Amino acid sequence: MRKALSVTSECVPLIKTGGLADVAGALPGALAPSGWHLRTLLPGYPSILKAVGKGKVVMEDADLFGGPGKLRSVTAAGLKLFVLEAPHLYDREGGPYLDAAGKDWPDNPRRFAALSWMAARIGAEGVGTWKPEVVHCHDWQAGFAPLYLSEMGEGRPGTIMSVHNMAFHGLAPAAERAALRLPARRFGQDGYEFWGKISALKAGLVAADRLTTVSPSYARELLTPEFGMGMDGLLRQRAQDLSGILNGIDTGAWDPATDPAIANFKSPAGKKRAKAALREEFGLPEADGPLCIVVSRLSEQKGLDVLIEALPALVDQGGQLALLGSGDRALEAAFRKAAEAHPYVSVRIGYDEDLSHRMFAGADAVLVPSRFEPCGLTQLYGLRYGAVPVVAHTGGLIDTVIPASPMALRSGIATGIQFHPVTSHALAGALMDAVSLYKSPGIWAMLQKNGMKQAVGWEASAPDYAALYDEVARP
Ligand code: ADP
């Protein structure tokens, strides 16, 4: 087996705030058949240390950015892990990135520089006989690792920087340069400087051997000023090194045939029962139109403010909305208000994995009106569970949903509805299309059936990652 280290700040089933965790959790299993053995390096948040046990200390660092660090090797949840125990950085209440009040931890640059530093040490020194040929870094939290490694000279492993969301740069004041152990000569436009600040993401983008993102369309979009978030110039220079590899979903965890949320899905009666149960759970009455769901972080990116404006187009025609999400306080309040105003709208503010399964099981449609979407996972759950995706024409949503154009309908290949641009007017049009297609039961059933036949697992993409690992590997 060949060896690779995956460096991430979150990983299913141990800690998750978004799609990155799903990908990090799935990659080791997905790549094993190609002969690549992955170990995953994670920060030792209290919840992780509690869940995985003590394992064995395999590396120590007396001065890991302000305190001692211990690297524990442990197997948990079917994953081979390195967990970085460093109480001064990770032993605190709150989320991985935010305190209990929802603000960034002020020492985030240092917390994740430490993770990246240990990744570089594992890459350069190996752990016992285990020395990776590839270090695969996910998002800004791992962004300094390729830079640290590139400063370590010969004998380093190959490096890959994967962008799961270009919106998060991991910025730090320039004054922290020395504390973050960054070389002064590389603070500049060609290096890790971003408009006078330090950017962990940019460090990874300039220093890694190869770059990836999570869909082919987002890879193209990142080369434009509209989506590149200030990194588009750099990415245009490195376009040859950038590839878009589509995310898959865990088809074992998301399997309508075995999911208790949707027993007997194979018969339409199963979906009907799940829908009735979902309506009851959300306190929604019977209605003629489609039952639509949203399962999402509530943030500007997800375009849900536009959904609030477009809601009348859905509910006035008998459509309904059940939303599960949390995040932006103003959006949470706006959805609560919409639920009070419309009997056909019901909202749960929070994060609830089990409920999300019951929602996909019972839904007719899933709405994803994102302004940008690197890949998106909920439209994939929707495809697999017969919840027709209604999505914005952007990023990974372009690559995963076949829009119901007249020709695609006639040819019997459509799987969902796409709209563009992300405005209330365009979304209202898409919602009206959804209602009218729903009211032609034969067509709706075809959309559902087509979606359920799509390959949404890792079978297609895992070999692409494996090929990339083969290319960058340095034994
Ligand atoms: P992002 O990573 O930008 O948040 P993705 O669609 O890639 O978006 O991944 C989001 C993941 O988090 C999906 O697995 C989705 O089901 C899950 N998720 C988001 N919000 C919630 C919630 N409130 N409750 C349960 N699961 C959620």
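What follows draws every value from the coordinates through simple rules; no lab data is involved. For clarity, every value in this text was computed on a predicted model and none was experimentally measured. Using ideal geometry, Cβ is built from the backbone for each residue, glycine included, and neighbour counts are taken over all protein chains shown.
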- From the residues Val306, Ser9, Phe227, which one has its Cα farthest along the dipole of the chain in the positive direction, the dipole being from +1 and -1 charges on Cβ of Lys/Arg and Asp/Glu about the Cα centre? Ser9
- Note on the structure: To the nearest 20 debye, region 63-120 has a Cα-centred charge dipole, built from +1 on Lys and Arg Cβ and -1 on Asp and Glu Cβ, of 220 debye
- Note on the structure: Given pairs Lys16/Lys80; Lys272/Lys337; Lys16/Lys131; Lys271/Lys337; Lys70/Lys197; Lys16/Lys50 and cut-off 23 Å on Cα-Cα distance, the over-length ones are Lys272/Lys337; Lys16/Lys131; Lys271/Lys337; Lys70/Lys197
- By the C-alpha gyration tensor axes a ≥ b ≥ c (rounded if a/c is under 1.5, else prolate when a/b exceeds b/c, else oblate), the shape of region 268-452 is rounded
- Most positive-pole-ward Cα, Leu409, Leu331, Val391, against dipole of region 268-452 from beta carbon charges: Leu409
- Query: So which GluC sites (Glu not before Pro) in region 166-258 pass both tests, a DSSP loop state and at most 13 other Cβ atoms within 10 Å of the Cβ?
  - Reply: Glu226
- Message: Taking the Cα centre as origin and putting +1 on Lys and Arg beta-carbons and -1 on Asp and Glu beta-carbons, what dipole magnitude results for region 268-452, to the nearest 20 debye?
- Response: 460 debye
- Query: So how strong a dipole does the chain carry about its Cα centre when Lys and Arg Cβ are +1 and Asp and Glu Cβ are -1, to the nearest 20 debye?
  - Reply: 700 debye
- Message: Taking the alpha-carbon distance from Lys103 and a cut-off under 16 Å, which aspartates and glutamates remain once sequence neighbours fewer than 8 residues away in the same chain are dropped?
- Response: Glu93, Asp328
- Task: Go through Tyr344, Leu447, Leu291 and say which Cα lies farthest out towards the positive end of the charge dipole of region 268-452; charges sit on Cβ, +1 for Lys and Arg, -1 for Asp and Glu.
- Result: Leu447
- Antiparallel DSSP beta bridges within the chain, percent to nearest 5: 30 percent
- Message: Sort Lys202, Lys197 by Cβ crowding within 10 Å, fewest neighbours at the top.
- Response: Lys197, Lys202
- Loop trypsin sites (Lys or Arg not before Pro), region 429-475 (other Cβ atoms within 10 Å of the site Cβ: 15 or fewer; DSSP): Lys439
- Note on the structure: Least to most buried among Val315, Val368, by other C-beta atoms within 10 Å and fewest first, runs Val315, Val368
- Query: In which sequence would Glu286, Glu85 go, from the one with the fewest C-beta neighbours within 10 Å to the one with the most?
  - Reply: Glu286, Glu85
- Message: Give me, ordered by chain and number, the residues 5 or more places off Gln418 or on other chains with an amide H under 5 Å from its own placed amide H.
- Response: Val391, Ala404
- Task: Could you pull out the trypsin sites (Lys or Arg not before Pro) across region 44-78 that fall in loop regions by DSSP (anything but H, G, I, E, B) with no more than 12 other Cβ atoms inside 10 Å?
- Result: Lys54
- Message: Taking 22 Å as R0, compute the FRET efficiency from the Cβ-Cβ separation of His342 and His425 and round it to 0.05.
- Response: 0.70
- Counting only DSSP beta bridges with both residues in region 78-218, what percent are antiparallel, rounded to the nearest 5? 40 percent
- Item | Computed [θ] at 222 nm, deg cm²/dmol, the chain (DSSP H ≥ 4; -39,500 (n - 2.57); rounded to nearest 500) | -11000 deg cm²/dmol
- What is the pair-distance distribution P(r) of the chain, computed from all Cα-Cα distances in 20 Å bins starting at 0, with each bin given as a whole percent? 24, 54, 21, 1
